[in-house]
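**Student:** Have a look at this one.
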Amino acid sequence: MKLTGDKLSLPNIFSYLRIILIPFIIYFLSIRTVEYLFYALLLFGFASFTDFIDGWLARKLKQESEFGKFIDPIADKFLVISALIAIIVIDPTFEVLDLWMIVIIVGRDILITVMRWFAIKKGRPLRTSRFGKFKTAFQMLSIVLIIMIYMSKRSGFFETHEAVPYYIMLIVTLMTAWSGLRYLFTNWQLFFPEKKVKEDSKSNEN
């Protein structure tokens, strides 16, 4: 099964835009002044907003496609993972050993991408859940919150414990891992040939 659909439709352009904004967000985060953190916050907030508007536009304009269903979550993954990696690398409170969080988050998204590709090739739908969408929204909200914490510390407006970003990242990591396990549990059949799945279903019926 091919990724059909207009690759330059308006909803897909919004997905591309999320990817294009990534280097600018990382650059602004790396400077770590209040002004540039604010720019990073604005860009990330806008990029996150496009995640919700592209799906709405696709339904509104009747431009839903297999390509759109594939590129939309890919753009989300690139945006979120890039921001999380930048936070861990830039924040001095994080250590090299804390990269295990990124390994889990990236590993989960690679797994889901592979499963999505298998589903497309086999012409079968990938079983999703609302929890997956909630996970993405929570990741984006957590990144916004962490950037705001950085801004408040830099400006001296509000001081939080230095471990707060770490625990936010920990919650994000655990939620991401749980989401991946749910996907794997409901879509494990994609990793087996069609005949084996059919034979297993017949044996279960007997």
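No value in this document is a laboratory result; all are computed from the given coordinates. This one's a predicted model, so the numbers in the text were calculated from it and none came from an experiment. With ideal geometry, Cβ positions are generated from the backbone for all residues, glycine too; neighbour counts draw on all protein chains shown.
**Student:** Dividing the Cα radius of gyration by the Kirkwood radius, what Rg/Rh value follows for the range 11-164?
**Tutor:** The Rg/Rh ratio comes out at 1.01.
**Student:** If you fit an axis through the alpha-carbon atoms of helix 164-187 and take the longest principal axis of the Cα set of the chain, what angle between them do you get, 0 to 90°, nearest 10?
**Tutor:** 0
**Student:** Right, something else. Can you tell which of F94, Y36, L61 lies farthest toward the positive end of the dipole of the chain, using +1 and -1 charges on the Cβ of basic and acidic side chains (Lys, Arg; Asp, Glu)?
**Tutor:** In the chain, that residue is L61.
**Student:** Further question on the same structure: Could you identify which residue out of D54, D109, D98 has the top mean-square fluctuation in a GNM of the chain using Cα springs shorter than 10 Å?
**Tutor:** Fluctuation is largest for D98.
**Student:** Exposure proxy check: M148, M101 ranked by fewest other beta carbons within 10 Å?
**Tutor:** Ascending number of Cβ neighbours within 10 Å: M148, M101.
**Student:** In a Gaussian network model over the chain where Cα atoms closer than 10 Å are linked, find which of I146, I74, I13 has the largest mean-square fluctuation.
**Tutor:** I13
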